[in-house]
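One structure is given here, and the rest of the page talks about it.
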Amino acid sequence: MTKSILTNREKEIFSYLINDYSTKRISYLLGISEKTVRNHISNVIQKLGSNSRSGAILELIKLNEFTL
């Protein structure tokens with residue numbers, strides 16, 4: 001099995017993003033601040049060398065991190 005490039009929390013956040021949840025809703029569901037959610041998103045975007053959330057999502061799908 002291949003190791004994920006995402007942490008468990010990053011994977012959790014991006015699974016919500018893929019399902020069109022807002023940053024505010026994600027923070028509420030996970031019991032963390034919106035700033036923390038944005039930091040996790042930024043970390044993933046940086047890891048992937050992407051320019052946006054949607055670009056990161058597409059890259060994660062290409063890498064088989066998520067399926068639609």
*How big is the charge dipole of region 23-62 about its Cα centre, in debye rounded to the nearest 20, if each Lys and Arg gets +1 on its Cβ and each Asp and Glu gets -1 on its Cβ?*
80
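Using DSSP to define loop residues, name the trypsin sites (Lys or Arg not before Pro) in region 1-48 whose beta-carbon has at most 15 other beta-carbon atoms within 10 Å.
Listed in order of number, the matching sites are Lys3.
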*asked:* Keeping all protein chains in place and using 1.4 angstrom, which order do Ile41, Ile32 fall into by accessible surface area, from largest down?
replied: Ile32, Ile41
*Got a number for carbon plus sulfur as a percent of the chain's accessible area, 1.4 Å probe?*
48
_Spatially near lysine pairs across the chain, Cα under 26 Å, sequence gap of 8 or more or different chains_ = 11
*Would you kindly calculate the mean projected area, averaged across all directions, of the convex hull enclosing the Cα atoms of the chain, in square nanometres?*
4.4
*Measuring from label point to label point, each 7 Å out along Cα→Cβ, what is the Leu29 to Glu12 span in nm?*
1.1
*Residues of the chain: accessible area per residue with a 1.4 Å probe, Å²*: 69
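The values are calculated or read from the model by the stated rules, or taken from the named source; none is laboratory data. The shown structure was predicted, so the numbers you read here are calculated from the model rather than taken from an experiment. Reconstructed Cβ throughout: ideal geometry from the backbone, glycine too, with neighbour counts over all protein chains shown. Please note that ligands, DNA and RNA were not included when accessible areas were found on the heavy atoms of the full protein model with its side chains. Shrake-Rupley method; radii C 1.70, N 1.55, O 1.52, S 1.80 Å.
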